[in-house]
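The values are calculated or read from the model by the stated rules, or taken from the named source; none is laboratory data. The structure displayed is predicted, hence computed values, not measured ones. When we count neighbours, we look across all protein chains shown, and the Cβ atoms used for this are built from the backbone with ideal geometry, even at glycine.
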Number of protein chains: 4
Amino acid sequence: MAIHMSISSGLTLPLGPEVNDSRLRVGVLGYGYWGPNIVRNFHGQEHSRVVAVCDKSAKSLQRVRQSHAEIHVTEDCKELVTSKDIDVVAVVTPVWTHYELAKAALENGKHVFVEKPFTATVAQAEELIELAERKNLQIMVDHTFLFTGAVKRIRQMIDDGTLGDLYYYDSTRVNLGLFQHDVNVIWDLAPHDLSIMGYLIKEKPEAVVATGEQHLNGVADVAYLTIYYPNKLIGHINVNWLSPVKVRTTLIGGEKKMLVWNDLEADEKLKVYDKGVAIASGEATYQALVSYRTGDMWAPKVEQSEALKLEAAYFVDCIMNNKRPFNDGVAGLEVVKILQAADESLQQKGKIVQI
Amino acid sequence: MAIHMSISSGLTLPLGPEVNDSRLRVGVLGYGYWGPNIVRNFHGQEHSRVVAVCDKSAKSLQRVRQSHAEIHVTEDCKELVTSKDIDVVAVVTPVWTHYELAKAALENGKHVFVEKPFTATVAQAEELIELAERKNLQIMVDHTFLFTGAVKRIRQMIDDGTLGDLYYYDSTRVNLGLFQHDVNVIWDLAPHDLSIMGYLIKEKPEAVVATGEQHLNGVADVAYLTIYYPNKLIGHINVNWLSPVKVRTTLIGGEKKMLVWNDLEADEKLKVYDKGVAIASGEATYQALVSYRTGDMWAPKVEQSEALKLEAAYFVDCIMNNKRPFNDGVAGLEVVKILQAADESLQQKGKIVQI
Amino acid sequence: MAIHMSISSGLTLPLGPEVNDSRLRVGVLGYGYWGPNIVRNFHGQEHSRVVAVCDKSAKSLQRVRQSHAEIHVTEDCKELVTSKDIDVVAVVTPVWTHYELAKAALENGKHVFVEKPFTATVAQAEELIELAERKNLQIMVDHTFLFTGAVKRIRQMIDDGTLGDLYYYDSTRVNLGLFQHDVNVIWDLAPHDLSIMGYLIKEKPEAVVATGEQHLNGVADVAYLTIYYPNKLIGHINVNWLSPVKVRTTLIGGEKKMLVWNDLEADEKLKVYDKGVAIASGEATYQALVSYRTGDMWAPKVEQSEALKLEAAYFVDCIMNNKRPFNDGVAGLEVVKILQAADESLQQKGKIVQI
Amino acid sequence: MAIHMSISSGLTLPLGPEVNDSRLRVGVLGYGYWGPNIVRNFHGQEHSRVVAVCDKSAKSLQRVRQSHAEIHVTEDCKELVTSKDIDVVAVVTPVWTHYELAKAALENGKHVFVEKPFTATVAQAEELIELAERKNLQIMVDHTFLFTGAVKRIRQMIDDGTLGDLYYYDSTRVNLGLFQHDVNVIWDLAPHDLSIMGYLIKEKPEAVVATGEQHLNGVADVAYLTIYYPNKLIGHINVNWLSPVKVRTTLIGGEKKMLVWNDLEADEKLKVYDKGVAIASGEATYQALVSYRTGDMWAPKVEQSEALKLEAAYFVDCIMNNKRPFNDGVAGLEVVKILQAADESLQQKGKIVQI
């Protein structure tokens, strides 16, 4: 599964004179579905600009040229990762290529921004983290959702105690396609949830149970993950490529309040419920006293800025100020650990796998 | 867990003269949440009437008296099950009492209508089935959903090939409470789905994986079931007593069409999607050709009659014509088998349990 | 349009001995669509019971007998309104009969509960009010919505200044049927809105503009009402018998807050928005400064009790304590005034009619 | 209200050599809210490109430069409309400037694409139509909605008789803001509906009744239009700048079928209902026989292409092939006629105004 890079030496990019400014120079590997968003957001920042894009597809490169005549395009990854005129490499390619490309970039002294999931294996992630550490370079894994107003608002409600202790985190993330050929539906869709859970939940996950089925092209297209945390907190993720409707709904149950996050809602993405259940303690009788509380619902205003724009600016800031981003390689590794465990559990039809 | 019946002999009920008609005489055990619906529906039928209701609560019996002065009330179960003036006993009590009450009714020559889930164990269900068989009596398990317009319409779409081979059945059935003290959330909510799946899916389930957590009163209040069927069909049930919102949504993915059944919708409970995914067969290249089909959506009209009314009439008809109902003890047993397996899996944190 | 009452004298109803209690005795005229609800709610009250029901349809009377053997049934309105054993007459018949039936009841010394709209003309309403006044009897017009949790909660938000000065009240009340033969869609559906507006809005309406069209049976089946109030408050009601979907949505715009009341929502009927528009005052430049405020949304918990039950209890209380209900004949008259003006405007294709 | 154009002569734009191709050259006047969409869509077409943009705001022009270095920018409208290097002028400025700018463009031999509403008065529209006719130039009024999949699909259902004769067209188009200073809410929002109605409804409107109120800056911010058509077809438009929620819902009632178009739905914008009402004809009795039909609902697949892109391509095609667009000046005039009549009616509180 090696990527055959063309053996060209690290050449100076034929960039025009206006490029000699203080902005970070970003090279983007991959201009498929997500690449244009990466280009647009790093290019539109005050302190960064995209200087080169690499893709195997001539048609993709032509699209770059039409929109951005000033950006160098190439089909040669090697040229980009070795260029002296690039400070940051964004790896926006299929998962199985992340390790090799990110490694080459780090070895050439570039900071790397890697699409989620970080790598195809835990070992790859650990190696990249170690390499970046050694070279004093930053890794950011593109867990875009962590920069949305909704996730930040939920985090705030957890931090300030609004929700109380968490009981469960239950996400449904289903739609028709997009089929990947190199990964199953867990690797495609669950990283969103796993990165959010890693950001919101203070405890580390302990074990995972994954079930699922493959119907069409040899990889699971329907899957269900249960993730066990300490203190009776349970996580569940329902991912499905064969759903006729798109659903992006997460329920979070807390001791004090419960919330529903429907990411497909335009305006009221978060609904917080003043509802709960309490058991009368010290109950001597057989019949425990369960009391329900049902009160108002409340939809807090959520920041509407584009998450990827904020994330790109944050990465640029981290690099310029030599700060470690919170969504760094280690955060990416945590997600890959669960994905790898889930695959192992899935193959054994739900056998619990410790993380 | 025995029920201490008062030792009264089977006495003749003090029923008025107008009762001497040809209608089946029904006695109802239990007048809590669901009992009034049972009384209303068996009482309002052309060929049946309720002649007696038993409940431990004097307050409940008073409610019966207020609404139906002509119905005999008693706190003594024994009186009801042994009465010569009763043809059918409806057991609308907690699960752990079903076996003993139904057994007593059958032994006294009554047909029995038992609330779901049928019994607390597989062995109990098997014994009741055998007993009814021997005495040539009918058992019906109250799987009310099988008599709804929605389920009947889905069954029709499966039978006539509209959906094609099934890929998955995925139900979410969550709400706040109602906490049971004798059963966990699986036994409370999943029987609905399991009975529907038993009715819709031709293949028998092979194994179950259950995960979940208990937060409040010592029984699981959040749980997830995966049910493996032959031919890559996978079932999943998400049940939760701690959800701030009520959800009753089932997705069914078929080879030809997919559907969403939202039982909380007043008018458009079923939405059938002309959507699908196909893999080009005989694909030689690495890159398999996945093609998507997206067409119209269609919400078929669904019968609106009250399901329990239809079910009660059907049971009366089965008894009068000595027919075996399709939701008989065996159908009830199939559900209990999965519930029992799910409990076993749950206790072992997702270990697969064969059914 | 006179109702030909049979000339029977006011006889003593053949009521059983158990009726000799202190509860108010209610007679119900009309047992069609709404009558059973009236019976159920006056019968189930602590201080009232239904002693007789009159309907022209033998089938309807049979339904009464099946449910309530203790209630006397008759096809003779005269018998009911003249009975000495009745304290309150509920008039649940078509609009065009209200006046004559209510008048007969009042003349016979009964308090009257009249279905909405109160009467077919302003003059009729005024006469009934005067008659009740003279005989010291109570009239209640069945504006059930005023007893719902939603309307009471909105009233509270207006009273406590939460919404600020009102800008507009905009209701959409559409569905397929129910076609009335004696009234148009305005008289059928708008009384709900008009009574609510009368309850919520302190100012009296000044004028009405009504447009609409009749497509099928000679009465308007689609209509739009604009109601002008003092202080730039504007009301609008969209009523339609030919809508494929049922809509019951009201928008209320206030200076401080705005709300949406969707009566078809099970749980979140009211949504209050912290949104608004402000114009910078003393603006010297051409370009006025409009500033928008968008904040949280909030769904206050709304009381869930059955409105008609509360209304029936309230009427009984008013009679027993000789209090004037707030939804009295005068409140009913206010609604009829607007309906009559709307008809006049409708016939002149939107000509403004002062109220 | 004249626009003071700077008195510069029609100069040749300083455009680079690559511009000498056969594509139509478009100049865009106005780069505010909608202008960028116009630029993007005319620029991205195979047979057109944007060569110049004019705006009074230096900041807006800078935004053009950042995105499209190759487009000439100017603050001088005169320069643009007189340039020899421009074939088409797009007028994307406030309504009160349309007439003067479009006239100047036509006089200079340019085809014009004018934002909706076409002009501020009927007389202006008529003059522009006559001028274009005389100079053999095309006018297109930007009624973008006519190029959406939803409107085209509805048109098809009307043309092929699916809906049958139309009973009513009822649109609700409300949201918070955007306040205009030169026009009221009718001129801001209703042109969408009026252009769609003009496209869908074969008959010409006969009269309009408009009611409304102004609360903040001296122009109506809430308004209701009733539009009378021949054959009992009635139209209604509810427009409101003070709504806390955004609504874009249109109900269309037909003799055979009825539909709901919710433009805010991502996937199921159109829902067609097999519902209806029929009156038994030749009914001799008092009680007319109304029968309801309720059947399936059906959400036809709707084309998802960007409407403005299709519209721009269509205008280019019309110009190149000397075809008259269906959304020409005359179509724009029809809308202005109703708007002008609505204003007249509004000022007289709902007086009917013939069109």
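Name, by its number, the condition in (1) outside any helix (DSSP H, G or I); (2) out of contact with any Phe, Trp or Tyr (no Cβ under 9 Å at 6 or more places or on another chain) that does not hold for B:Asn327. So B:Asn327 meets the others, but not (2).
If I ask for residues that are more than 9 Å from chain D (Cβ to nearest Cβ) and either assigned to a loop (DSSP other than H, G, I, E, B) or buried (at least 22 other Cβ atoms within 10 Å of the Cβ) (or both), which ones from the range C:255-272 would you list? Scanning the range C:255-272 gives C:Lys256, C:Trp261, C:Asp263, C:Leu264, C:Glu265, C:Ala266, C:Asp267, C:Glu268, C:Lys269, C:Leu270.
For (1) in the same structural domain as B:Ile319 (by TED's automatic domain parsing); (2) out of contact with any helix residue (DSSP H, G or I) (no Cβ under 6 Å at 6 or more places or on another chain), each residue gets a yes or a no:
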| position | (1), (2) |
| --- | --- |
| B:Ala120 | yes, no |
| B:Ala123 | yes, yes |
| B:Ile129 | yes, no |
| B:Ala132 | yes, no |
| B:Gly164 | no, yes |
| B:Arg173 | no, no |
| B:Val183 | no, no |
| B:Ile196 | no, no |
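Taking D:Pro94 as meeting all but one of (1) closer than 21 Å to D:Tyr31 by Cβ; (2) crowded, with 23+ Cβ neighbours inside 10 Å, write down the number of the exception. For D:Pro94, the failing item is (2). Just wondering, is there one or more residues in the range C:20-34 that are at pLDDT 90 or above, within 24 Å of the chain's Cα centre (by Cα), closer than 15 Å to C:Ala313 by Cβ and not β-branched (Val, Ile, Thr)? Yes: one or more hits.
Of the residues in the range B:172-185, at least one is of a type in the set (Gly, Ala, Ser) and in a loop (DSSP other than H, G, I, E, B).
Please verify whether C:Val239 is over 27 Å from D:Tyr292 (Cβ atoms), at pLDDT 95 or above and touching a helix residue (DSSP H, G or I) at 6+ places or on another chain (Cβ under 8 Å), treating the condition exactly as stated.
no
Scanning the range B:302-324 for residues that are over 24 Å from B:Asp263 (Cα atoms) and either aliphatic (A, V, I, L, M) or crowded, with 20+ Cβ neighbours inside 10 Å (or both) yields a total of 4.
Filtered by the rule that a residue be farther than 27 Å from D:Ile38 by Cα, modelled with pLDDT of 95 or more and among the aliphatic types (A, V, I, L, M), the range D:314-355 gives D:Ala341, D:Ala342, D:Leu346, D:Ile352, D:Val353. Among the candidates A:Ala120, A:Ala52, A:Ala104, the residue that is within 20 Å of A:Val183 (Cβ to Cβ), aliphatic (A, V, I, L, M) and modelled with pLDDT of 95 or more is uniquely A:Ala120.
Residues in the range A:210-240 that are among the hydrophobic types (A, V, I, L, M, F, W, C), without any contact (Cβ under 8 Å) to a residue 60 or more places away in the chain and more than 7 Å from chain B (Cβ to nearest Cβ): A:Val219 alone. Residues that are touching a strand residue (DSSP E or B) at 6+ places or on another chain (Cβ under 6 Å) and aliphatic (A, V, I, L, M) were ranked within the range D:198-209; the one that is farthest from the other protein chains (Cβ to nearest Cβ) is D:Val208.
Residues considered: A:Ile139, A:Ile158, A:Ile129. Of these, the only one that is away from chain B (no Cβ under 14 Å), touching an Asp or Glu at 6+ places or on another chain (Cβ under 6 Å) and touching a residue at least 24 places away in the same chain (Cβ under 8 Å) is A:Ile139.
Condition (residue is of a type in the set (Lys, Arg) and under 13 Å from A:Val51 (Cα atoms)) applied to the range A:73-93: is it met by at least one residue?
Yes, the conditions are met somewhere in the range A:73-93.
Being hydroxyl-bearing (Ser, Thr, Tyr) and within 23 Å of the chain's Cα centre (by Cα) is a description that does not apply to A:Thr162.
Candidates A:Ser305, A:Ser291, A:Ser345: the one that is in a loop (DSSP other than H, G, I, E, B) and either within 14 Å of another protein chain (Cβ to nearest Cβ) or not acidic (Asp, Glu) (or both) is A:Ser305.
What residue, among those in the range C:38-74 that are more than 26 Å from the chain's Cα centre (by Cα) and charged (D, E, K, R), is farthest from the other protein chains (Cβ to nearest Cβ)? That would be C:Lys59. In this structure, A:Ser281 does not satisfy being within 12 Å of chain B (Cβ to nearest Cβ), modelled with pLDDT of 95 or more, closer than 25 Å to A:Tyr229 by Cα and over 17 Å from the mean Cα position of the chain (by Cα). With respect to the conditions (1) of a type in the set (Asp, Glu); (2) touching a His at 6+ places or on another chain (Cβ under 9 Å); (3) over 30 Å from C:Tyr224 (Cα atoms), D:Asp170 falls short on a single one, namely (3).
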